[in-house]
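Asks: First, the structure itself, so that you have it in front of you.
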Amino acid sequence: MTGPGRSPAIDFGNMIAGVLEGGGIDPDRLRGDLAERFRDAHAQVETRRAAGEMGFFDLPGDRELAEATRDAAGRCRRGADALVVIGIGGSALGAAALRDALLPPLRNELGERARGGFPRLYVLDNPDPDTVSALLGRLDPARTLFNVVSKSGTTAETMAQFLVVWQRLESALGAERMGSRLLLTTSPASGALREIAAERDIPVLPLPEAVGGRFSVLSPAGLLPAAVAGIGIGSLLDGAAAMAGRCATPELAANPAGMLATLLHVADTEAGASVQVFMPYADRLRGMAYWVRQLWGESLGKALARDGRRVETGPTPLPALGPADQHSILQLLMEGPRDKVVVFIARESCGEDVAIPRLFGDKPALAYLGGHTLQGLLDRERRATAEALRREGRMNLTVAVDRVGARSLGALLMLFQIAVVYAGALYGVDPLDQPGVELGKALTCGLMGRTGYEAPRIPPPDPRWRV
Ligand code: PA5
């Protein structure tokens with residue numbers, strides 16, 4: 001058991017030589033070169049943090065920002081039946097992860113009383129017209145709050161949906177009343193959203209300058225929707241602060257984010273395990289696995305090292321869900337190329353377990369299940385899968401939380417954020433930038449006719465290469 005003070009705990013025996021069948025990391029290295037390498041990575045992160053570049057570390061302690069977020073949530077919750085977050089990437093995935101983890105499953109289907117009077121919560125990220133029209137068509141504009149989240153205030157997908165919503169609100173409620181149905185979360189200093197908020201007197205919350213999109217889950221980007229929906233954001237922040245405290249040490253053996261980053265970095269760069277499968281065994285953590293994918297992918301997939309060398313590096317994160325995906329990719333994990341490492345995310349107890357009844361005692365395929373619970377089945381399947389992988393010499397480790405609650409989730413989110421900046425230092429890349437997405441954005445602006453952007457010449461599909 002992890003115990004509340006040690007949750008999450010990382011069990012990494014199945015990465016270690018002598019435990020992992022036929023391979024694994026020499027345990028002496030954890031006290032030797034890997035400990036030294038981590039000490040250096042830790043120092044690099046601390047230097048950037050002290051220079052004010054890693055604002056996500058400070059969010060759990062920024063109680064003023066949390067209080068402003070709570071106040072805004074209290075104001076805009078009044079009279080709202082639904083909150084729609086409009087954002088994409090780091091401006092949406094954190095809110096979705098919090099919603100999935102901390103609100104009851106299928107909550108949007110419940111009536112107001114069963115939701116404790118808190119609004120339904122939707123996240124609109126992909127600007128797919130099918131989804132957008134279906135959702136907007138079923139919501140009452142007078143009882144819906146739209147929280148538009150964009151750090152830059154320029155992201156095409158978010159701005160397009162903002163414009164659609166703006167027009168619908170204006171025609172349904174009129175220019176005077178519509179402002180109360182909007183809340184903008186954006187840069188405190190610049191961008192179109194900031195200007196519109198000032199010009200039209202629309203409430204606005206800041207996304208701190210030193211907090212990048214994929215590190216913004218504990219800023220108003222994630223906290224505002226969470227607070228509107230009734231999630232205890234104080235506990236989330238407490239959990240995150242506790243994890244940051246555990247990661248203050250440069251000692252690899254005592255630093256959970258350091259150990260996670262180090263093991264996955266070695267798995268990739270020395271053992272060829274460049275595909276990192278993040279596999280929670282809890283539906284509530286599915287959103288978090290997608291959040292981790294973005295955090296990992298955008299932070300570590302880089303062409304250039306910080307010293308300017310061309311490295312084209314970075315592991316490939318792959319979200320999965322147990323045990324459902326045992327019936328999807330386990331065969332590949334067990335017998336396919338040895339280019340994968342599995343990060344199981346285990347929950348030791350669940351809110352309301354379901355007993356499996358003892359029925360059909362004469363049918364061996366069913367009889368053994370009776371008397372167990374569904375959580376018991378989930379947990380045994382995870383343990384059995386980890387053991388099967390170990391026996392096949394397939395590296396895996398387990399991040400275990402005592403339960404999925406606000407505090408443990410805050411700790412989990414902080415664990416992965418700190419781990420990814422350590423991993424950035426280990427790979428020698430900058431985990432805070434994402435230069436690779438700019439070209440596609442510029443070409444889109446050109447194709448959409450934005451002033452200052454040239455329409456790119458993209459050759460039409462050549463019939464010779466079409467079948
Ligand atoms: O992590 C990131 O920086 C990105 O995923 C951004 O969050 C995403 O591109 C959205 O950007 P913005 O918040 O500026 O609209």
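The values are calculated or read from the model by the stated rules, or taken from the named source; none is laboratory data. Note that this is a predicted model, so its numbers are computed, not measured. Neighbour counts are summed over all protein chains in view; Cβ atoms, including those assigned to glycine, are modelled from backbone coordinates with ideal geometry. Please note that ligands, DNA and RNA were not included when accessible areas were found on the heavy atoms of the full protein model with its side chains. Shrake-Rupley method; radii C 1.70, N 1.55, O 1.52, S 1.80 Å.
Asks: Count, please, the residues in the stretch 293-308 that happen to be part of a strand (DSSP E or B) and within 16 Å of the ligand (Cβ to nearest atom).
Replies: Count: 1.
Asks: From (1) part of a helix (DSSP H, G or I); (2) out of contact with any strand residue (DSSP E or B) (no Cβ under 7 Å at 6 or more places or on another chain); (3) open to solvent by less than 50 Å² (accessible area, probe 1.4 Å), pick out the condition that doesn't hold for residue 464.
Replies: Exception for residue 464: condition (3).
Asks: In the list 72, 95, which residue meets the criterion of being among the hydrophobic types (A, V, I, L, M, F, W, C), part of a helix (DSSP H, G or I), touching a strand residue (DSSP E or B) at 6+ places or on another chain (Cβ under 8 Å) and within 16 Å of the ligand (Cβ to nearest atom)?
Replies: 95
Asks: Pull up the stretch 380-395, narrow it to residues that are surrounded by 21 or more Cβ atoms within 10 Å (Cβ to Cβ) and of a type in the set (D, E, K, R), then point me to the one that is farthest from residue 334 (Cα to Cα).
Replies: Going through the qualifying residues, I end up with 382.
Asks: Which one of these is under 19 Å from residue 89 (Cβ atoms) and either at pLDDT below 95 or of a type in the set (A, V, I, L, M) (or both): 178, 159?
Replies: When all the criteria are applied, what remains is 159.
Asks: Is there any pair linking a residue in the stretch 107-129 that is more than 16 Å from residue 143 (Cα to Cα) to one that is in a helix (DSSP H, G or I) and open to solvent by 60 Å² or more (accessible area, probe 1.4 Å), with Cβ under 6 Å and at least six apart or on different chains, and which?
Replies: Within 6 Å, the pairs are 127/157.
Asks: Still on this structure, please answer the following. Any idea which of (1) within 16 Å of the ligand (Cβ to nearest atom); (2) within 24 Å of residue 75 (Cβ to Cβ); (3) open to solvent by 10 Å² or more (accessible area, probe 1.4 Å) is the one residue 186 doesn't satisfy?
Replies: The one condition residue 186 does not meet is (3).
Asks: A further question follows. Taking the stretch 21-73 as the search range and keeping residues that are among the aliphatic types (A, V, I, L, M) and farther than 21 Å from residue 258 by Cα, which one is surrounded by the most Cβ atoms within 10 Å (Cβ to Cβ)?
Replies: Step by step, filter the stretch 21-73, then rank; the result is 73.
Asks: Being more than 16 Å from the ligand (Cβ to nearest atom) and either open to solvent by less than 40 Å² (accessible area, probe 1.4 Å) or modelled with pLDDT under 95 (or both) narrows it down to one of 398, 373, 444, so name that one.
Replies: 398
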